[in-house]
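This report concerns only the one structure given below.
Bear in mind these aren't lab numbers, they're just calculated from the coordinates by the rules spelled out. These numbers come from a predicted model, not from an experiment. A quick note on method: Cβ atoms are made from the backbone with ideal geometry, for glycine too, and the neighbour counts reach across all protein chains shown.
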Amino acid sequence: MSERGFHAGLLVAFVLAAASVAPLLVFVRAPYGRYARPGWGRMLPDRLGWALMELPAVAVFAACFAVGQRFSTAAIAFFALWQLHYLYRVLPFALVLRTRGRRLPALVLVFGIVFNVVNAYLNGRWLFTLGPARPTAWLHDPRFVVGVVLFVLGFSAHVAADSRLRRLRPSGYVIPQGGLFRWVSCPNYLGEIVEWSGWALATWSLPGLAFALWTAANLAPRALAHQRWYRERFADYPPERRVLVPGIW
């Protein structure tokens with residue numbers, strides 16, 4: 001089998017897995033963070049676990065870029081956007097994470113590593129080798145421009161929400177206030193969904209679209225679980241605050 005055929009088959013399996021995971025996560029809360037529980041393998045310190053889980057996305061995508069030999073301005077832009085997100089996840093996010101002793105199950109770490117390796121391979125090999133080359137002129141294409149704007153807005157919202165949550169954690173769980181928390185329960189997840197939707201548009205690729213679908217399939221059910229969790233514990237939780245989409249859901 002050629003690499004192109006392998007890549008296509010892996011992409012189909014990746015999308016089917018996302019379609020299976022979304023309904024499952026509506027009923028089963030992924031066992032990390034506030035939902036961590038025994039039975040999912042050895043428990044690791046949260047900071048170490050998050051750094052180890054996200055690092056393969058940095059390394060595999062960088063390797064795809066290095067061996068792909070596509071060094072156009074557009075290719076460099078894709079590389080920079082990807083690494084902006086994942087270096088944030090590996091370094092600032094993991095290092096300043098205030099976990100209050102929380103731990104990450106080993107099985108969650110394994111699942112995360114597998115996902116990041118596959119996802120980085122699918123996107124990296126397509127952008128830098130298997131897919132159509134994007135010349136410098138692609139930087140002026142409306143799909144790229146709008147996609148990058150969405151990516152930057154989503155990343156900014158994600159980082160801002162993380163910062164607000166981090167400042168709250170020394171006091172224990174309280175109702176987050178301010179910023180996008182005025183309208184939705186999980187602006188950090190909303191930011192990531194917007195970010196990778198922008199990626200799908202900017203790259204105009206099936207692997208990019210698959211990543212955006214996976215992001216929504218993983219984070220939308222978790223956002224719903226978070227809102228239910230807050231409402232169960234805080235009688236004064238704002239009733240007008242939606243899950244992810246202001247004024248709608």
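Report whether or not Trp199 is part of a helix (DSSP H, G or I), in contact with a Gly (Cβ under 9 Å, 6 or more places away or on another chain) and closer than 21 Å to Leu11 by Cβ.
Yes; evaluated as a whole, the condition is true for this residue.
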* Restricting attention to the stretch 111-144, and to residues there that are exposed (fewer than 14 other Cβ atoms within 10 Å of the Cβ) and of a type in the set (A, V, I, L, M, F, W, C), which single residue is farthest from the chain's Cα centre (by Cα)? -> Ala137
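Name the one entry in Ala133, Ala160, Ala137 that is assigned to a loop (DSSP other than H, G, I, E, B) and either farther than 22 Å from Pro239 by Cα or aromatic (Phe, Trp, Tyr) (or both).
Of the residues listed, the single one that is assigned to a loop (DSSP other than H, G, I, E, B) and either farther than 22 Å from Pro239 by Cα or aromatic (Phe, Trp, Tyr) (or both) is Ala133.
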* **Pair list, Cβ < 7 Å and 6+ apart or interchain, from the stretch 216-237 residues that are aromatic (Phe, Trp, Tyr) to residues that are surrounded by fewer than 14 Cβ atoms within 10 Å (Cβ to Cβ)** => Trp229/Arg34
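Return the total of residues in the stretch 153-201 being of a type outside the set (Phe, Trp, Tyr) and crowded, with 20+ Cβ neighbours inside 10 Å.
First, pick out the residues of the stretch 153-201 that are of a type outside the set (Phe, Trp, Tyr): 153-154, 156-172, 174-180, 182, 184-188, 190-195, 197-198, 200-201.
Checking which are crowded, with 20+ Cβ neighbours inside 10 Å leaves us with 154, 157-158, 161, 176, 184-188, 190-195, 197-198, 200-201.
Residues that pass the stated criteria total 20.
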* To do: Kindly indicate the residue of the stretch 142-166 that is of a type in the set (Val, Ile, Thr) and without any contact (Cβ under 8 Å) to a residue 60 or more places away in the chain and also nearest to His85 (Cα to Cα) among those meeting that condition.
  => Val152
